[in-house]
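Below is one structure; the comments refer to it alone.
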Amino acid sequence: MANFKITDAVTYVGVDDKDIDLFEGQYDVPNGMAYNSYIIFDEKIAVMDTVDASKTDEWLANVEAALDGKSPDYLVVQHVEPDHSGSFMALYNKYPDMKIVGNNKTFMFLSQFFEGLDLGERKVEVKDGDELSLGSHTLKFIFAAMIHWPEVMVTFESKEGILFAADAFGKFGTLDTDEDWACEARRYYFNIVGKYGLQVQGLLKKAAALDIKKILPLHGPILTENLGYYIDKYNTWSSYTPEDKGITIAYASIHGNTAKAAKEFAQMLEAKGAEKVSLFDLSRDDVAEAVEDAFRYDRLVLMSSSYDSGVFPAMEYFLIKLKAKTYRKRTIAIVENGSWAPSAGRVIKSYVEGFKDIDLIEPMVTIRSSLDSRTRAQLSELADKLVNK
Ligand code: FEO
């Protein structure tokens, strides 16, 4: 991405990464990823974050072009995760008079990533709520621990009403991708920040006291209009409130019989009037998207084959993800399949019992190898219960 001006004083100097295969080593990003970085020009010049190490050269060229021969006075490190601090040393070494702004955890993590780093006089350590004047612009640092690492802070610039939001309000996809914001922002939120709803709620409360006119996240587009829409979405997501009425069916099938049952069950739900049915083959579909829809909709059906006296691994992986993201406040139904000693339901239930505020529909349905008239009737009954929730 080429540089562009956001306001007279603030320039975008980030990069688009279209070469990435998996973000954070696990997430499919079909439209790549943006690592945003900004420069604020005033009497003093501040660079806001760096980018992933794979894009150091491109980013440095952007920074140099924007600086046009000037030297930055500060590098503000809002988040040390390598997608933002991977190019730290390049800028640090290039501008020996530039000071590094962070908090005590920022500096601890930087020294862990970069052995032998001794910031000495170059360190500007801030506390929650501290301010740094650049001239007519003033940066106020607001700690946002666990959104999504402990050292994270966001920065509010009051003259222009800009919230530099770190990972918050980010999404998957490069800046030049033309797509709906919510879809990839939601998948990003629940998979990356989802565990920390409470902390996001805390940040939203602090943000409500600020006159925010623009949100500049570290990933995804700069948000300049209808900010209430984005803030509302974050409020819904972080409070674990279902966003839409609908039923997610997540299934794990060995030979296809559980898959067949899941597809038939989806048709039953639709025929009975379900607002929306979202179906996932956990062995083949994007599990991050299944996690996203499990949170998006108010009801979830878990259907799995039994395996090695437990549950089929594709289902267990999904359950581990839901547990890690503190899944809660939903209605759940369980369907197991087993030919001689069905065991999937027991394992699924043990996970579900660990989730908070779950309405578990009993009894679970047990399929013996493949659907028959008995289990079809049970699924039909279950479908009625789910649709009428
Ligand atoms: Fe975009 Fe938590 O790093």
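Structure summary
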quantity: Test: residue in region 143-160 that is more than 12 Å from the ligand (Cβ to nearest atom), in a strand (DSSP E or B), aromatic (F, W, Y) and surrounded by 19 or more Cβ atoms within 10 Å (Cβ to Cβ); calculated: yes
quantity: Subset of region 26-37 that is over 14 Å from the mean Cα position of the chain (by Cα) and surrounded by fewer than 22 Cβ atoms within 10 Å (Cβ to Cβ) - its residue that is farthest from the ligand (Cβ to nearest atom); calculated: P30
quantity: Test set (1) within 19 Å of the chain's Cα centre (by Cα); (2) assigned to a helix (DSSP H, G or I) - D285 fails condition number; calculated: (2)
quantity: Subset tally (residues that are open to solvent by 80 Å² or more (accessible area, probe 1.4 Å) and within 13 Å of the ligand (Cβ to nearest atom)) for region 12-25; calculated: 0
quantity: Selection status of H79, within 16 Å of the ligand (Cβ to nearest atom), in a loop (DSSP other than H, G, I, E, B) and at pLDDT 95 or above; calculated: yes
quantity: Test: L163 is open to solvent by 30 Å² or more (accessible area, probe 1.4 Å) and either out of contact with any helix residue (DSSP H, G or I) (no Cβ under 8 Å at 6 or more places or on another chain) or touching a residue at least 40 places away in the same chain (Cβ under 8 Å) (or both); calculated: no
quantity: Test for M303: is it under 19 Å from M268 (Cβ atoms), open to solvent by 20 Å² or more (accessible area, probe 1.4 Å) and aliphatic (A, V, I, L, M); calculated: no
quantity: Failed condition for L204, given (1) more than 25 Å from D16 (Cβ to Cβ); (2) buried (at least 20 other Cβ atoms within 10 Å of the Cβ); calculated: (2)
quantity: Leading residue by the ranking (nearest to the chain's Cα centre (by Cα)) among those in region 96-118 that are in a loop (DSSP other than H, G, I, E, B) and either under 18 Å from L139 (Cβ atoms) or outside the structural domain of E131 (by TED's automatic domain parsing) (or both); calculated: N103
quantity: Candidates T258, T224 - the one that is in contact with a strand residue (DSSP E or B) (Cβ under 9 Å, 6 or more places away or on another chain), among the β-branched types (V, I, T) and assigned by TED's automatic domain parsing to the domain that holds F318; calculated: T258
quantity: Selected residue [in the same structural domain as L371 (by TED's automatic domain parsing), among the charged types (D, E, K, R) and touching a Ser or Thr at 6+ places or on another chain (Cβ under 9 Å)] from R284, R299; calculated: R299
quantity: Residue satisfying condition, being more than 14 Å from the ligand (Cβ to nearest atom), acidic (D, E), surrounded by fewer than 21 Cβ atoms within 10 Å (Cβ to Cβ) and free of Cβ contacts under 8 Å to residues at least 12 places away in the same chain, within set E64, E58, E43; calculated: E64
quantity: Count - residues of region 176-195 that are open to solvent by 40 Å² or more (accessible area, probe 1.4 Å) and within 16 Å of the ligand (Cβ to nearest atom); calculated: 1
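Yes/no matrix, rows are residues, columns are (1) open to solvent by less than 40 Å² (accessible area, probe 1.4 Å); (2) more than 16 Å from the ligand (Cβ to nearest atom):
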position: A209; (1), (2): no, yes
position: I212; (1), (2): yes, yes
position: I215; (1), (2): yes, no
position: H219; (1), (2): yes, no
position: T224; (1), (2): no, yes
position: L227; (1), (2): yes, yes
position: S239; (1), (2): yes, yes
position: E243; (1), (2): yes, yes
position: I249; (1), (2): yes, yes
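Table: residues versus (1) among the small types (G, A, S); (2) farther than 18 Å from I162 by Cα; (3) over 18 Å from the mean Cα position of the chain (by Cα).
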position: A208; (1), (2), (3): yes, no, yes
position: I212; (1), (2), (3): no, no, yes
position: A250; (1), (2), (3): yes, yes, yes
position: I254; (1), (2), (3): no, yes, yes
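The values are calculated or read from the model by the stated rules, or taken from the named source; none is laboratory data. Since we're looking at a predicted model, the values are computed, not measured. Note that each Cβ is placed from the backbone with ideal geometry, even for glycine, and that neighbours are counted across all protein chains shown. Surface accessibility is based on the protein's heavy atoms, side chains included, excluding ligands, DNA and RNA. Shrake-Rupley method; radii C 1.70, N 1.55, O 1.52, S 1.80 Å.
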